[in-house]
Amino acid sequence: MNRTYDVVIAGGGVIGASCAYHLSRRQNLRIALIDAKRPGNATRASAGGLWAIGESVGLGCGVIFFRMMSAQRREAHGAAVAVDASTPHILPPAFFEFALQSNALYPQLHRELIVHHGMDFKFERTGLKYVIYDDEDRLYAEHIVSRIPHLADQLRWLDREALREAEPAVSHEAQGALEFLCDHQVSPFRLADAYTEGARQNGVDLYFNTNVTGVLRQGERVTGVRTAEQGTFHCGTLINAAGAWAAELSEQASGIRLPVKPVKGQILLTERMPKLLEGCLTTSDCYMAQKDNGEILIGSTTEDKGFDVSTTFPEVAGLVQGAIRCVPGLKDINLKRCWAGLRPGSPDELPILGPMAGVEGYLNACGHFRTGILTSAITGVMLEHLVHQEPLPLDITPFLADRFEAGLLKGVG
Ligand SMILES: Cc1cc2nc3c(=O)[nH]c(=O)nc-3n(C[C@H](O)[C@H](O)[C@H](O)COP(=O)(O)OP(=O)(O)OC[C@H]3O[C@@H](n4cnc5c(N)ncnc54)[C@H](O)[C@@H]3O)c2cc1C
């Protein structure tokens, strides 16, 4: 069967769904959202943190610090350190701006999706506390504060007593905390479902269990996609929102393989319990987020294991130990599930958005790594404006694929 759309979105995780929703609000385009859930798709694996500052300073992401103590000390003293995705470090100003603008959209988005579409993604104003156990932690916290003076009004130091008052369940081992006041949380799957259902109600056609297997081109222009289950789709614009699989799709569309690769994260879920945590917590071992239904998510690892989505004893045990160290009461609580997801990692940890040189009718919306839940809102807004060729709310230059050196963008001829 042949189908014709203005826009085809390949990938129906939180990013593709947000693009579909934002584009559908004007109801002037025919849009198809095509998705086949692959094992490890990130959205359903996520913790749902909207940790705009925490993520920007390398803390909200559940980085496990075990490899970084000496690097942290050196960076805090201003020495050059080689950092990688598993060592906490401060991201460039463009990312802060992107994350903060996205974060600011959630209160209104939350209302809008409830009022117009009956979908509640459980936006909760929780804050995020970086729990400090020792001098290393304090040094990194001080380093953060010194690097973001313009955000001082969003930071709060809690001494030992103030932390105990704010979070009675936290261990007496903790010396205090640095709190990021604007960092909140949502339910990640409800967010993706809310975007998707909003898009559907606005007229977007949803094709689930449908694999994009090839891209149609005429000269330099992308003209559609082939799917295994639903035949051919023709379109004016193809949006690549294929998460950790985006490199494959970009290669089919442009002959260039984007440097997006899967970065595995393991995460645990407890059984439901009465409110134990007032806000989200992050430590040098793990993070914890108690959701609106009482379950606590404990995350997460950062592993370079390709498309492997197994859960492994040492990593799960490490997260459990980290969680009990911070919140001793968890030792009596049952784990309900653990799983692994694949973050769509990019070399500089920034998303890859917008057009690519040498290919028309094609836009990237991928590479969101640790923060696709947080940054899905601004991504949807950016893609909406890109499709309509309108001015953007943010400078897109730092996010264009062309920022990568030719060696990272592998042409396949
Ligand atoms: C353990 C863990 C915890 C996280 N915690 C947070 C957090 O607290 N806050 C935050 O902001 N972010 C968090 N993230 C990151 C966040 O989940 C991701 O950045 C985000 O989900 C990426 O969304 P996406 O839509 O790009 O990818 P995905 O959710 O993976 O969606 C891509 C979809 O495209 C489909 N697809 C791919 N190729 C094709 C094809 N050819 N045809 C059809 N379908 C295709 C895939 O199967 C998938 O369904 C976390 C991630 C992990 C793994």
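Here are the numbers:
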| read-out | value |
| --- | --- |
| Tally of residues being buried (at least 19 other Cβ atoms within 10 Å of the Cβ), in a helix (DSSP H, G or I) and assigned by TED's automatic domain parsing to the domain that holds T282 across region 110-142 | 3 |
| Number of positions in region 92-128 that are over 27 Å from A194 (Cβ atoms) and not small (G, A, S) | 2 |
| Residue within region 23-37 that is assigned to a helix (DSSP H, G or I) and either touching a His at 6+ places or on another chain (Cβ under 6 Å) or in contact (Cβ under 8 Å) with a residue 40 or more places away in the chain (or both) present | yes |
| Which numbered condition L281 fails, given (1) within 15 Å of the ligand (Cβ to nearest atom); (2) aliphatic (A, V, I, L, M); (3) in contact with a Ser or Thr (Cβ under 8 Å, 6 or more places away or on another chain); (4) more than 20 Å from L342 (Cα to Cα) | (3) |
| Residue within region 48-70 that is away from the ligand (no atom under 12 Å from the Cβ), modelled with pLDDT under 85, among the hydroxyl-bearing types (S, T, Y) and over 17 Å from the mean Cα position of the chain (by Cα) present | yes |
| Matching residues in region 228-245 - criterion: being over 12 Å from A10 (Cα atoms), in a strand (DSSP E or B) and not hydroxyl-bearing (S, T, Y) | G231, H234, G236 |
| Enumeration of residues in region 208-227 that are near the ligand (Cβ under 9 Å from one of its atoms), in contact (Cβ under 8 Å) with a residue 60 or more places away in the chain and part of a strand (DSSP E or B) | V212, V225, T227 |
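Residue by residue, here is whether (1) surrounded by fewer than 24 Cβ atoms within 10 Å (Cβ to Cβ); (2) on the phi > 0 side of the Ramachandran plot; (3) within 11 Å of the ligand (Cβ to nearest atom) holds:
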{"position": "N293", "(1), (2), (3)": "yes, no, no"}
{"position": "F313", "(1), (2), (3)": "yes, no, no"}
{"position": "K331", "(1), (2), (3)": "yes, no, no"}
{"position": "N334", "(1), (2), (3)": "yes, no, no"}
{"position": "C338", "(1), (2), (3)": "yes, no, yes"}
{"position": "L342", "(1), (2), (3)": "no, no, yes"}
{"position": "R370", "(1), (2), (3)": "no, no, yes"}
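One line per residue, one yes/no per condition, for (1) assigned by TED's automatic domain parsing to the domain that holds P328; (2) more than 10 Å from the ligand (Cβ to nearest atom); (3) touching a His at 6+ places or on another chain (Cβ under 8 Å); (4) of a type in the set (A, V, I, L, M):
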position	(1), (2), (3), (4)
Q230	no, yes, no, no
T237	no, yes, no, no
A241	no, no, no, yes
L249	no, no, no, yes
A253	no, yes, no, yes
P274	yes, yes, no, no
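The values are calculated or read from the model by the stated rules, or taken from the named source; none is laboratory data. Computed from a prediction, not measured in an experiment: that's the story for all the values here. All Cβ positions, even for glycine, are placed from backbone atoms using ideal geometry, and neighbour counts span all protein chains on display.
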